1. Within the bounds of region 97-110, is there any residue that is at pLDDT below 95 and on the phi > 0 side of the Ramachandran plot?
2. Go through region 74-96 residue by residue and tally those that are under 18 Å from the mean Cα position of the chain (by Cα) and either at positive phi or touching a residue at least 60 places away in the same chain (Cβ under 8 Å) (or both).
3. Just to be sure, is residue 30 over 25 Å from residue 102 (Cα atoms) and in contact (Cβ under 8 Å) with a residue 24 or more places away in the chain?
4. Here are the criteria: (1) without any contact (Cβ under 8 Å) to a residue 24 or more places away in the chain; (2) assigned to a strand (DSSP E or B); (3) among the charged types (D, E, K, R). Tell me which single one residue 110 does not satisfy.
5. Could you please tell me which pairs satisfy a Cβ distance under 7 Å, a separation of 6+ or placement on different chains, a first residue in region 38-62 that is assigned to a strand (DSSP E or B), and a second residue that is of a type in the set (Gly, Ala, Ser) and surrounded by 10 or more Cβ atoms within 10 Å (Cβ to Cβ)?
Amino acid sequence: MKRFVLCVVIIICVTFTGCQKVEREERESVTATVTNVRYRSAYVTQNMIYTGKTMIMTPVSHPAQYLVTITYEDLSKTFDNSDLYEKVEEGQSIQMILYKGYDKDDNLIKETLQFPE
């Protein structure tokens, strides 16, 4: 019973401390750099499922990935986008939107790169 209560308390603490609300947003147009362009082909893995005493192998298909990593200052974000993969090269500069979210005390709680709209 003590373990159950301890688990519930830990879950509640983690839930409440992780729920910071963005009160103020800033968006800024920046010039970022493409730092990595990678292609990962599609593949299939086998997943074992037990039904009673019988084991069944089921295939799991994983789609191809077109990974492009874009960096601005010390912030990096990787996108899985085939159109972007075909248009850019490593080392190329690209226009992005730098999104910053602040809490009620003006502490930065979220920072990410986004595509221009």
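1. Taking every residue of region 97-110 in turn, at least one turns out to be at pLDDT below 95 and on the phi > 0 side of the Ramachandran plot.
2. Qualifying residue count for the region: 1.
3. no
4. It fails just one condition, (1).
5. Going by the 7 Å Cβ cut-off, the qualifying pairs are 40/64.
The values are calculated or read from the model by the stated rules, or taken from the named source; none is laboratory data. These numbers come from a predicted model, not from an experiment. Positions of Cβ are backbone-derived with ideal geometry, glycine not excepted, and every protein chain shown enters the neighbour counts.
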